[in-house]
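To start, the structure itself, in structure tokens.
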Number of protein chains: 4
Amino acid sequence: MANPKNKKSSLTDAQRAEIDALRGATTPTRRATVPALEEILYEPLPVLDHGFVRVIDYMGDDAAVVQAARVSYGKGTKRVSEDRGLINYLMRHRHSTPFEMCEIKYHVKLPIFVARQWIRHRTANVNEYSARYSILDNEFYLPAPEQLAVQSVANRQGRGDVLDGKEAARVLDLLREDALRSYAHYEEMMNERSDGTVIDSARSGLARELARMNLTLGFYTQWYWKTDLHNLLHFLSLRADAHAQYEIRVYADAMLETAKRWVPLTYEAFEDHGLGGVRISAKGMVVVKKLIAGEAVTQEQSGMSKREWSELMAVLGRST
Amino acid sequence: MANPKNKKSSLTDAQRAEIDALRGATTPTRRATVPALEEILYEPLPVLDHGFVRVIDYMGDDAAVVQAARVSYGKGTKRVSEDRGLINYLMRHRHSTPFEMCEIKYHVKLPIFVARQWIRHRTANVNEYSARYSILDNEFYLPAPEQLAVQSVANRQGRGDVLDGKEAARVLDLLREDALRSYAHYEEMMNERSDGTVIDSARSGLARELARMNLTLGFYTQWYWKTDLHNLLHFLSLRADAHAQYEIRVYADAMLETAKRWVPLTYEAFEDHGLGGVRISAKGMVVVKKLIAGEAVTQEQSGMSKREWSELMAVLGRST
Amino acid sequence: MANPKNKKSSLTDAQRAEIDALRGATTPTRRATVPALEEILYEPLPVLDHGFVRVIDYMGDDAAVVQAARVSYGKGTKRVSEDRGLINYLMRHRHSTPFEMCEIKYHVKLPIFVARQWIRHRTANVNEYSARYSILDNEFYLPAPEQLAVQSVANRQGRGDVLDGKEAARVLDLLREDALRSYAHYEEMMNERSDGTVIDSARSGLARELARMNLTLGFYTQWYWKTDLHNLLHFLSLRADAHAQYEIRVYADAMLETAKRWVPLTYEAFEDHGLGGVRISAKGMVVVKKLIAGEAVTQEQSGMSKREWSELMAVLGRST
Amino acid sequence: MANPKNKKSSLTDAQRAEIDALRGATTPTRRATVPALEEILYEPLPVLDHGFVRVIDYMGDDAAVVQAARVSYGKGTKRVSEDRGLINYLMRHRHSTPFEMCEIKYHVKLPIFVARQWIRHRTANVNEYSARYSILDNEFYLPAPEQLAVQSVANRQGRGDVLDGKEAARVLDLLREDALRSYAHYEEMMNERSDGTVIDSARSGLARELARMNLTLGFYTQWYWKTDLHNLLHFLSLRADAHAQYEIRVYADAMLETAKRWVPLTYEAFEDHGLGGVRISAKGMVVVKKLIAGEAVTQEQSGMSKREWSELMAVLGRST
């Protein structure tokens, strides 16, 4: 069978054993620890058909934010209600440096086209699996049928309705066949399989750094990705947003869960100010104040474009 | 014909006219200008089979480095020999901030697998053509036969000899056919061609952000890339290096020419200290001093690994 | 007289002549130019008692934002109304990379305590006048009497009422005398004056890098500071804000004027979304929607702290 | 007594107790831990007369570098000799991203003029004690007499011989008196002491954000400073260098000790390639090769300036 790993769990037995070994051992530390995060440490959280997010390491906790804000010699924390209030204050007034005092490191397996969006966030440390040195696995992303959306006409960026069954089936066939073929030819060009066996000892193999160009953007890559809490939340606010492409949003969603375990007070403030908050323009605030005062106001009066007006009405929960 | 643009010049007539219009107009400015760079401004410098590098804008010149080092109110420059000496001094003593005072902006067309290496340089501004919004052109990279190298055995990262004629022909056939097929299916899934015409008005088209995943990593993308002179030189020192993959090295080579036109004194210092300079370790310096003193020294005595020793001998131009 | 330059214009005749020389010369360029910004190029805009901001160089204009967003081969612009709409769209949807395609460079003279706040914005290039190499001028900041504010009790960060006349006079005397004395001792320790003359040829002089530690934080330093348009606007949104310290806000105010000349369409969008826009939390939006629906809502019901509630009421123009 | 804390240990009893509390508690963790670093965790390492460096937290170890380079699911390490070889290889070939996978956080107390040099390293997270909110302690740096160097004539940046006893005493008197006076006036202007007591209840106090400008650059500030291992080593290679100012070099020296405890294999490679390595220019390599070949070569023939030549001869351990 050509693609034996194309199933839900993409871990080999050896990988599973390595993870279990790490999870099985604990050592004492004087550092701040977060039991709720330790619980899932090293454990892959499945995303898409073969991807995952794993928390590999972390530094700091909610108290470290407070401690930094107070430049403390000791724990720096006070009562939970005071810490919660301080964290909320810091976040709503954009005092970002205390949140930079916590750090988290993930191991992520993701399709290359998702990796290309992700990498545009520059304030992070990245170490990617190298297809110059190594052979990529035969794993590629196939969307679930309910994700096969039609190109949106209202919104150039984004998706509309779902393709009907026959068209969806055709798309999945094309994606699957082209991926399988491109991988088979990748191996043929290198004259080597992903397990390192030579295909034909009478032939030479093309350099890996060249052969990889035959793979499609749906193939999975993996990397270690490390960032501070402030930049993690910035990443999540953009990528867990409804405008983000579904295939990166599901990674952001999985990471939101890890953030919630890691820094619950910060997460609470982030839900209020980051995820749930909205930015309203100066023109928008004029409209809001008029509406509160019970005055009528129209798009024409607002000075906004139609599109901007409808975005504001959506935010205010009003039909347009 | 399926791929009419698969020829040397990848510019359409409309693009050529737009470039000529920009090149035809000049306006007076009080800013520092560099005639040698203005000469090639906006002009695509061809790289690989369909790629290019174009200088789109620049800020500053050699004098701006000197002016910043002296925090001057005026030009800040003195005699050329003094400016040359100062620039050389700044570079060899790693005073990098004056070189950050110059900025350059490129428009680059490059294969996606090259873009994936390039983007790892984070201290730059990037705006890439979006395959979420737009349809990519049917242009992909096919290596010249003399670039079809065998995987190196001595050095896991890099290339060895060239494939023989028959094997090379087979590789090029695979790359071409898989690319053409993946593009044809890309259009079929979107139900739309790159010129915007609908293929079958009775069908819906898959969202562009999904269809793109069927393209291979050899397809060309393009971006605007802007960085400061210090970071440009850092990029070039890594990517014009013999260890860099050929397909990114040719971009670096083209950019070296633009840097030479732009900041000749800085370029001269960079040739000496950056491109041509070498770093020798503490252990290596012990060896160098012994060799100068006419003493014999062996790898075993040096405390170096065999590989490190042979790297040092190569740098010193000695056979091992 | 000990401090002859302690007057409004801090330019020497030689500096004035250098600036005039730069302003007097123009050369033709193929690059985008902005006449309204060229008008004030190199010219110091006075800030505080001896400081200034001067635009030294720039790259790009409003069209460069549009051109980057469209990854264009040519100008990339369309009708002004379309470009304005696109720029507004990019800004309100946080598409920041096109704004990174423009760059500006300032020469700034500012008190050291202001420089210490300013430098915390990391995404910029800086070259500061070195007090290791050179002797700082005898120029220090003395606040205008109306700026001598009492420590605020309501808000730990910030100012309250102004000191009364007698107390203000005492403060100004202390600041002036301590600054003058510290400078005189700075010269005495170095055994050298700022013009390079030796004070006592029979004595040695302390290293400049040590003597400088006797200067107070009110002394002026200067630097070249260069950043891209996106990060400039981020800086201005924080530093032109009412919560910023007055002494840095006046620099931000002067720079707002330069931005307005440079990129009028971007500035217009920034006034609406950046300077004039507000961020409202999820809890705040619940309140806003209730108020629009004509329902009463109290701080207790809102789940907000008293302070957060009063911040929201202020934003909505309601008394608390 | 005006300045009771002006003695070696700058910790108050309360601070000491807070540190002891943190050091006394351990919790189990699944993360990588480094016993040699845990040993000194939270403990201030004294620097200068009142400063310190304390490791507050860390993430990763030598194995994390190896693990990232291999993008491993598990520990990723092999035999120590192999890990050592890999780390050495990564460092000498400038593969910096694996070293970015470790992170360390310090609490540092340092004179303001040192902080101003330090902050120019931008790839770090910083949270400084705010003199807008809080009152700085009455602690300032007084150099030891053997550090009171004369301005160097050979080298504009740096120090020459030491001042003679009488001149040194005069300098120390000036520094001490000006610092004490500026602090006394700082308190007088705020009408408040550092312990929060009001001086004269009949007067108002100047805002802290203004009063601070009367302090000299020798006063101590403090911050939390966090960076990754790659950027830490870059910082140390510049600041532990002989050209760095003594007052920052002693901080770098203390941090070298912490790095040695934390990542011994990386530190070993850094000693060889970073601290002890030298960069030799293309022109310099021509000279080196000639010397090894036993040929005579002069500065004139080398194409180097006198200064560059003598730098090269110094590196080669030859008199000029």
Reduced Cα scattering model of the protein assembly as shown, Debye log10 I(q)/I(0), q = 0.04, 0.05, 0.08 Å⁻¹: -0.24, -0.38, -1.05
At q = 0.10, 0.11, 0.19 Å⁻¹, what is the log10 ratio I(q)/I(0) for the range D:129-247, with the Debye formula run over Cα points and no solvent? -0.48, -0.57, -1.06
On Cα atoms only, tilt of D:80-92 relative to the major axis of chain D in degrees: 80
homo-copy label distances at C:GLU257 (7 angstrom along Cα-Cβ), nm, one dp, ascending, are 4.6, 5.4, 5.6
Taking a point 7 Å out from Cα toward Cβ as the label site, list the nm distances between C:ARG132 and the same residue in every other copy, smallest first. 2.9, 3.4, 4.4
What angle do you read, to the nearest 10 degrees and between 0 and 90, between the alpha-carbon axis of helix A:282-292 and the longest principal axis of chain A? 60
Debye, to nearest 20: dipole size of the protein assembly as shown, +1 on Lys, Arg Cβ, -1 on Asp, Glu Cβ: 0
Sum of side-chain charges, A:ARG170 neighbourhood, beta-carbon under 13 Å (Lys, Arg +1; Asp, Glu -1): -4
Shortest first and in nm with one decimal, please list how far the A:HIS93 label point sits from its counterparts in the other copies (point 7 Å along Cα→Cβ). 3.4, 4.2, 5.0
Using only DSSP helix segments of four residues or longer, with each worth -39500 (n - 2.57), what per-residue ellipticity at 222 nm results for chain D after dividing by its residue count and rounding to 500? -12500 deg cm²/dmol
In Å, what Rg and Dmax follow from the Cα atoms of the range A:1-99? 19.1, 61
Could you quickly flag the chain C residue whose beta carbon comes closest to the rotation axis taking C to D, and that distance in whole angstrom? C:ARG122, 2
How much net charge surrounds B:ASN125 when only other residues with a Cβ under 9 Å from its Cβ are counted (Lys, Arg +1; Asp, Glu -1)? -1
State the Cα centre-to-centre distance between the range D:242-320 and the range B:62-130 in whole Å. 25
Percentage, to the nearest whole number, of Cα pairs in the range B:277-320 over 13 Å apart: 50
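Evaluate the charge dipole of the range D:255-319 about its Cα centre and quote only its size in Debye, nearest 20, assuming +1 on the Cβ of each Lys and Arg and -1 on the Cβ of each Asp and Glu.
Using Cβ point charges on Lys, Arg, Asp and Glu, the range D:255-319 gives about 160 debye.
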Hydrodynamic calc, the range D:242-320: Kirkwood Rh from Cα pairs, then Stokes-Einstein at 10 °C with viscosity 1.306 mPa s, so D in µm² s⁻¹ is 106
Listed residue (C:LEU256, C:SER96, C:SER302) projecting farthest to the positive dipole end of chain C, Cβ model: C:SER302
Can you give me the relative contact order of chain B as a percent, contacts being Cα pairs under 8 Å and 6 or more apart? 21
Local electrostatic count, D:LYS109, Cβ distance below 9 Å [Lys/Arg +1, Asp/Glu -1]: 0
How big is the charge dipole of chain D about its Cα centre, in debye rounded to the nearest 20, if each Lys and Arg gets +1 on its Cβ and each Asp and Glu gets -1 on its Cβ? 1000
Considering the zone a paramagnetic label at A:THR12 would reach in this model (a point 7 Å from Cα along the Cα-to-Cβ line), which residues of the range A:215-229 have amide N under 20 Å from it? A:219-224
If one takes the longest principal axis of the Cα atoms in chain C, at what angle in degrees, from 0 to 90 and to the nearest 10, does the Cα axis of helix C:165-190 lie? 50
Tail beyond 31 Å, pair distance distribution of chain B (Cα, percent): 48
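Every read-out reported here was derived from the displayed coordinates using simple, explicitly stated rules and does not represent laboratory data. Bear in mind the structure is a predicted one, so any value in this text is a computation, not a measurement. With ideal geometry, Cβ positions are generated from the backbone for all residues, glycine too; neighbour counts draw on all protein chains shown.
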